[in-house]
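Let me begin by presenting the structure, written as structure tokens, before commenting on it.
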Amino acid sequence: LYKNGYTKCVTDKLDSLGIMHTTFYNVAPDPTLACAKEGTAAMRLFEPDVIIAIGGGSAMDAAKIMWVMYEHPEADFLDMAMRFMDIRKRIYTFPKMGEKAYFVAISTSSGTGSEVTPFAVITDETTGQKYPLADYELLPKMAIIDADMHMNQPKGLTAASGIDALTHALEAYASIMATEYTDGLALQAMKNIFEYLPAAYELGAHDAVAREKMATASTMAGMAFANAFLGVCHSLAHKLGAYHHLPHGIANALLITDVMRFNAAEVPTKMGTFSQYQYPHCKARYVECADFLGIQGKDDDEKFENLIKAIEELKAKVGIKKTIADYGVKEEDFLATLDEMTEAAFDDQCTGANPRYPLMSEMKAMYLKAYYGK
């Protein structure tokens, strides 16, 4: 992004206002602690009072981590990554942010919604351990969504990030933490994605409206899951991506419809800890999504199946393959990591908000279905 001039519109404006600035751009797609430490060292040298993160999810995640390390060098990542049942009632008190620097996020991809979420993930490159941080102190103080910054996303990124945003909306809508506030954001995000993702994928910068609508959808979905949280699809996708180096949006795309079928059981064997109902009636929730999207059927069962079909058709339109195997993951490698990956996914922070609480055997079955397609 830096070498292609994406930061120039910001730095030119800062120059015109006589504001001193420096740029750190050595951020990899899967940010590491080493990268964060390097960026933090640059911050300490320059001592900024405003930090501007420009990029997709990886850049914004890395910047959030640098912000924490800059303001609180004493902070312990193991403590900050401690799991919780309710983000608002934690054993560990996250350090107060914003005392040294104001944090601004400018997105350049339409998928992660990181510009409006209280989450960040960083990897310790020496151990391979990922630290998923979640706290409202990590929320950027300002988010700027400018469709001009999204125009030249490659087709592959457009597809993967678009389905990632759709998964955010679907999981936020089905979450045990969903509310009427998050429902509206999630539904409109879904509508935008179904209507505009194919055009954004095919036409790119030649369809500015589609790019703008996808940018809006990504942020709305981000606002939805920042408050309602996610579910088992993300738990599975996090570990699939970590173990087999699949892009996060692709991992979600390969799993989402199987997870929806899993959630649609009318009387689940297990439910989340803080469910707000006797049964989640998740199929009815998905039918509400179908109704909002104009997907028809003679009864709820048919509407649900037609929603699944519409998602699969959307994935095909944007070039997403059908199985994990189709992305070149060798069968022996996949099976060798399956048990460890399943256990790690079960323990993922996202699992707790899923409407149907999974057994590890059920998560393993979803992995196998996503690998073989049957």
Worksheet item: In the stretch 292-301, which residues are surrounded by 15 or more Cβ atoms within 10 Å (Cβ to Cβ) and either outside the structural domain of residue 257 (by TED's automatic domain parsing) or assigned to a helix (DSSP H, G or I) (or both)?
Response: 292, 293, 300
Discussion item. Consider the stretch 327-348. How many of its residues are surrounded by 13 or more Cβ atoms within 10 Å (Cβ to Cβ) and in a helix (DSSP H, G or I)?
Written reply: 10
Practice prompt. All but one of (1) on the phi > 0 side of the Ramachandran plot; (2) of a type outside the set (S, T, N, Q); (3) assigned to a helix (DSSP H, G or I) hold for residue 364, so report the exception by its number.
Written response: (1)
Worksheet item: Any residue at all in the stretch 142-158 that is over 25 Å from residue 202 (Cα atoms), part of a loop (DSSP other than H, G, I, E, B) and not hydrophobic (A, V, I, L, M, F, W, C)?
Response: no
Practice prompt. Being surrounded by fewer than 18 Cβ atoms within 10 Å (Cβ to Cβ) and closer than 20 Å to residue 98 by Cβ is the filter; apply it to the stretch 23-47 and report the residue that is nearest to the chain's Cα centre (by Cα).
Written response: 42
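The values are calculated or read from the model by the stated rules, or taken from the named source; none is laboratory data. Everything numeric here is computed off the predicted structure, so don't read it as measured data. Note that we place each Cβ from the backbone using ideal geometry, even for glycine, and neighbour counts take in every protein chain shown.
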